[in-house]
Structures are given as structure tokens and as C-alpha cells.
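Structure first, then comments.
The values are calculated or read from the model by the stated rules, or taken from the named source; none is laboratory data. On a predicted model such as this, the values are computed, not experimentally measured, just so you know. Cβ coordinates were reconstructed from backbone atoms using ideal geometry, including for glycine residues, and neighbour counts include every protein chain displayed. The protein model used for the area step is the full one, side chains on, heavy atoms only, and it has no ligands, DNA or RNA in it. Shrake-Rupley method; radii C 1.70, N 1.55, O 1.52, S 1.80 Å.
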Amino acid sequence: MWPFMLIALYFVLPLATLLGWTQPCQAEATAQSTHWGALAFPDHDRTLALSFTTDRFTEFDGAGKRYNDMRQTDGFNFWSLSWTERLERFKGWNTNLTVGAGPTGDRFSRYLQNDVVHKFRGLTPVPVGATRDAIDFMTSGTLTKWTGLGGSDEVFFYGIGGAAGSLYYEPYAQMGFRRLSLLEFMPVVSDYVRFSALGRAGRPFSGAAFHQVANHSYLGQASIGIGNYRRSDCAIPVELEIGLTVDSGLFVDHRGDSLEERFVTAALRISVVTIETWNDLINQKDYGPTFGARVTLNLLPLYERFAGSH
């Protein structure tokens, strides 16, 4: 998906310049994207972000092998708004609301998969049979407590959340740490390297799009970030984050057993812009929840600048 990231960066980076350089943008992903491999970490700071996300579920692989009993290919194209607010009365607690909706159709994600990624890597195009054509939506909300240990920064978190929409429903609980420094004995490296990890347990329920889902969900995610975390002399804040996800599986096989999924994720954050892409290539397959990508623009600096001028 690197060609997609380069194209997206070309178009959205000028927006970051117009808003001015601020801290790297981040926002919670739309609910279904976490089961496709998107980074699922909650926001630590206040955020108001607009995103475009595409997720692809393919019925067949390049050899025509079927993933499960689903008889269609789904290409979800969501515009979403994510809002995170810190609770003033309850120190360390954050709330988030993420709302996403858009047309489900095959054309855009098929173009990215077959005409961009597979052509770039010299792979066989993935065949497509029936497709889902609808307007789908997903909403999600989280309540997260951030804390530190022994006066350290608030890098540890735990909380609850829920997702609901036309795809599926799922309440869940999660905990982990975000951008933790594990290399204090190497100060020079510690300024530029951070580690994150998350564990999540949920109970999915079927929806209009997915008529049969697993009766439990366990998700583990770990990442390493490279950026300028402690220094204040950085004119252009940049962060590159690489993540790995193991998901017990939202979907089930022909016998009703959950299908485990593994994904690799790359996110590039430059000021108010984030370009992120996820792929199941470490599973060495190309069907089921196979890949996705999103472009995010943090609107909070624009809102604060507008509010401050009045």
C-alpha cells in the first residue's frame, strides 16, 4: 500500500502547511477497521479529526479459493469524524465518539488492490463475484482512564468501549500502554523511539452486512514509533509507526469457528495529517479482511484558531 500513501501525502500535506505545524495528528479508527488491522490505540489528548477510510473484504483469493460462507466482496468507503475530550471533573479520564458512514461498493478498493498494489508487486489480480452495494455506517465510543507509574507520564490506559452500526455490534474492554520509553539507559535513542501495546476482549453480534460473526473477539496489538518525542526544537513534527496485530477473528469458517487474522500496519504522521495503511500480507493470503487505508486531518488546530479570533 505504499503507493497509496505517497499519493495521499501529495494531496493532503499542503493542508497541513495551511494550518501550521502542530503536534502529530492521531484519531481513533472507525470500528470495523480495527478488525482489518488499523491501529486501535485510544487518544490521549483532545482530538477533532476528519478521516476517509477504505476497508476491503474479498470473497476469493487470487486462485479463486473462497474465504468462508460469505458470498460477496465488500468495499467499505467511510467518511468519519472522531472527537476525543478530556473529562475535567475526572482527572485522567477521556471520552471518544467516532461516527463513520459512506457508500459500500467495489470499485475504489478493487482499484487499490488490483491496479495499484498487485500491479506494483507483480501479483495476480483478485477475482470478484457478487458485491455489496449499500450505504453503511458504524459508530463507536470509548471511556478511557490514563495513568502513570511513580510520577511517570500518563502512558498506561484501561477502559471500555462499544461499536454499533449496519456491519455488526460489539461491546469490549481494553488496556495497554501508549508511547512508552523502554530505553531510558540510552537517552539519545529514548528521545526518538517509543513502544505501544494493547489487549482487547469483545463480544461481537451480527448486523445487516455480516450475518454471522464470532461469539468472542480477542485482539492483541504492538507497535514501535519513531519520532521526535522529547525535543522542542523540531520545526516539523513527524512520526512513523509500524504495528503488528493478531485478531482472534471477527469472521467464522464453514463450521462456525472463528478465523484468526494477522496484520501489519504502517502510519506516517506529519503535523495535522496522518496516512495509515494495513494489510494481511503476513498471513500470506489475499482474501477475507485483506487490507485498508485511511487519511486523517486533525481539525482541532483550525477550530482553535477560528475560535481564538472571535
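How would Met175, Met70, Met138 rank on accessible area, largest to smallest, probe 1.4 Å?
Greatest to least solvent exposure: Met175, Met70, Met138.
Across the chain, how many lysine pairs, 8 or more apart or on two chains, come within less than 22 Å at their alpha-carbon atoms?
The number of close lysine pairs in the chain is 4.
Percent antiparallel among DSSP beta bridges with both residues in the stretch 26-151, to the nearest 5?
Taking every DSSP beta bridge with both residues in the stretch 26-151, the antiparallel ones total about 95 percent.
If you average the C-alpha positions of the stretch 76-123 and of the stretch 226-305 separately, how far apart do those two centres end up, in angstrom?
9 Å
Please compute the net charge surrounding Asn96, taking Lys and Arg as +1 and Asp and Glu as -1 over other residues with Cβ under 15 Å from its Cβ.
Summing Lys/Arg as +1 and Asp/Glu as -1 gives +1.
Order of 204-213, 283-292 by packing, highest average Cβ count within 10 Å first?
Packing order, densest peptide first, comes out as 283-292, 204-213.
What is the gain in length, in nm to one decimal, between Arg46 and Ile282 on full extension, counting 0.36 nm per residue of separation less the C-alpha to C-alpha distance?
The Arg46-Ile282 span can extend by a further 81.6 nm.
Quantify, in whole percent, the carbon and sulfur part of the accessible surface of the chain (1.4 Å probe; protein heavy atoms only).
Reported share for carbon and sulfur atoms: 63 percent.
Report, to one decimal in Å, the Kirkwood hydrodynamic radius for the stretch 28-79 based on all distinct Cα pairs.
13.1 Å
Starting from the residue with the highest accessible area, list Asp45, Asp253 in decreasing order, probe 1.4 Å.
Asp45, Asp253
Distance in nm between label sites at Ala173 and Leu81, each 7 Å beyond Cα in the beta-carbon direction?
That separation, rounded to one decimal, is 3.3 nm.
Ordering Leu97, Leu198, Leu48 by how much accessible area each has at a 1.4 Å probe, largest first, what is the list?
Accessible-area ranking of Leu97, Leu198, Leu48, largest first: Leu97, Leu48, Leu198.
In degrees from 0 to 90, rounded to the nearest 10, what is the angle of the helix 2-19 Cα long axis to the longest principal axis of the chain?
Approximately 40 degrees, to the nearest ten.
Please give the per residue accessible area of the stretch 128-179, computed with a probe of 1.4 Å over protein heavy atoms only, in Å².
Using a 1.4 Å probe on heavy atoms only, each residue of the stretch 128-179 averages 45 Å².
For the chain, take the alpha-carbon Rg, divide it by the Kirkwood Rh, and send me Rg/Rh.
0.96
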